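The values are calculated or read from the model by the stated rules, or taken from the named source; none is laboratory data. Please read these numbers as outputs of a predicted model, since none were measured by experiment. Cβ coordinates were reconstructed from backbone atoms using ideal geometry, including for glycine residues, and neighbour counts include every protein chain displayed.
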Amino acid sequence: MKRIRVYETGEPEVMVLEEASEPQVGIGQVLVEVRAIGVNPVDTYLRSGKQGYNPKCPYTPGFDAAGFVEYVGEGVTTVSVGDRVYCAGTVGGAYAEKVLCDQNQVHHLPEHVSFAQGASIGVPYVTAYRALFYRAYAEPGDLVLVHGASGGVGLAAVQIACAAGMTVIGTAGTERGRQLVQEQGVKDVLDHHDSQHFAQVLKNTNGQGVNVILEMLANINLGNDLPILAKGGRVVVIGSRGDVTITPRHLMKQDASIIGMSSVNASPQELIRIHAALIAGLENRSLQPVIEKELPLIEAAQAHHLLMESSAYGKIVLIP
C-alpha cells in the first residue's frame with residue numbers, strides 16, 4: 001500500500017509518498033480501506049515542527065479518514081467487514097491507502113454521507129461540539145459568535161449551534177466565505193477584516209453582547225472579544241498563533257471567562273457521547289460537512305500549502 005511519511009519536520013515538501021506493508025491488525029483493532037482523508041490545520045502544525053508536542057519522526061500524518069472496514073481483529077464488536085465508516089483518530093496516521101484504528105476510533109457512516117464528508121468529521125466536528133457543549137456549556141437560545149466561520153471547524157460549529165437552537169453570528173474574510181456561512185442558515189455574517197465588526201456585533205445584539213465566542217485566532221481577536229461578551233459570557237480558545245494582550249477588567253465587569261480547549265483532552269466517555277450526537281446529526285442531515293477541494297494523496301504537500309495560504313472554505317480532502 002501507499003502512504004505519506006514525514007522523516008523530518010519542515011515545509012510541506014518533507015512529506016513523501018512511499019510503499020509500505022499493510023498494518024498488522026491486533027486485538028480490538030480495525031483495518032480500514034481508505035476512500036478519503038481529512039486534512040486539518042493541526043496536520044500542518046505538526047509537520048512544521050511548531051506545535052510543541054510534535055510526533056517522533058518518521059511518522060504518517062493525519063487523524064481523519066473514511067472508507068470500508070476490510071478486517072476486524074479479535075474482540076471487535078462495534079463494526080463488521082464491509083461497513084462504511086469514518087475514522088476519528090488512527091493508530092499510525094491517516095495519510096495512507098489503509099489505516100489501522102482501535103475500534104473506538106471507528107464510527108458508522110450513514111449511507112447518504114460521502115466518504116469525503118466522512119473524512120471531514122473527526123477533528124472539526126469533535127472540536128466544535130466539545131467547545132460548545134463541554135467547555136462553553138452553550139444552551140438553546142444563546143447568542144454564539146463563531147470567528148472564522150467558513151473554515152472546517154467554523155462550519156461545523158455553525159451547523160451544530162444552529163441545530164441546537166442557538167442564534168449564530170459568523171465572521172469570514174471574503175465575500176465567498178461569508179456567502180458560504182449564510183448558506184448554512186446564518187443571517188448575520190460579518191467581515192472579520194473590518195476593524196468595526198466587533199462594534200457591529202454589539203449593535204446587532206442591541207448592546208447585549210454574545211453569550212459564547214468560539215475563537216479560532218486568539219492572538220488576533222481575544223483582546224477585542226472581551227468587550228462584546230454578555231454577562232457571564234465565555235470565550236473558548238480553539239486556535240492561536242502567538243501572544244495577545246487583554247484587559248482583565250472586561251472579564252471582571254461581566255463575570256466572563258476565557259476557556260482553553262483541545263479535543264485531545266476529551267475523555268473516552270465524552271467521545272462516546274459526542275460521536276453519538278454527530279452521527280444523529282448526520283442521519284437527520286442537520287450536519288453536512290462542506291468539501292472545498294479533493295486532491296490525490298500524492299499531492300499532500302499541495303493540500304498543506306492551500307490550507308496555510310488560502311482563506312478557508314470548508315474542507316480539503318485527499319483521495320488515495
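Considering every residue within segment 56-69, establish whether at least one is out of contact with any Phe, Trp or Tyr (no Cβ under 8 Å at 6 or more places or on another chain), modelled with pLDDT of 95 or more and more than 19 Å from M15 (Cβ to Cβ). Within segment 56-69, one or more residues are out of contact with any Phe, Trp or Tyr (no Cβ under 8 Å at 6 or more places or on another chain), modelled with pLDDT of 95 or more and more than 19 Å from M15 (Cβ to Cβ).
When we screen T78, T90 for residues that are over 22 Å from M1 (Cβ atoms) and touching a strand residue (DSSP E or B) at 6+ places or on another chain (Cβ under 8 Å), the only hit is T78. Filtered by the rule that a residue be farther than 18 Å from F63 by Cα and either aliphatic (A, V, I, L, M) or touching a residue at least 12 places away in the same chain (Cβ under 8 Å) (or both), segment 280-289 gives A280, G281, L282, E283, R285, S286, L287, Q288. Per the listing D243, D225, the residue uniquely within 26 Å of the chain's Cα centre (by Cα), charged (D, E, K, R) and closer than 22 Å to Y137 by Cα is D225. Take the residues in segment 29-60 that are in a helix (DSSP H, G or I) and free of Cβ contacts under 8 Å to residues at least 60 places away in the same chain; name whichever of them is surrounded by the most Cβ atoms within 10 Å (Cβ to Cβ). Across segment 29-60, the extreme among qualifying residues is L46.
Residue check: Y137 meets all listed conditions (1) under 28 Å from A300 (Cβ atoms); (2) outside the structural domain of Q29 (by TED's automatic domain parsing) but one, namely (1). Evaluated against (1) surrounded by fewer than 17 Cβ atoms within 10 Å (Cβ to Cβ); (2) within 29 Å of Q184 (Cβ to Cβ), P248 falls short on exactly one condition, (2). Taken over segment 180-222, the criterion of being out of contact with any His (no Cβ under 8 Å at 6 or more places or on another chain), surrounded by 15 or more Cβ atoms within 10 Å (Cβ to Cβ) and either under 13 Å from A256 (Cβ atoms) or among the hydroxyl-bearing types (S, T, Y) (or both) is satisfied by T205, G209, V210, N211, V212, L222.
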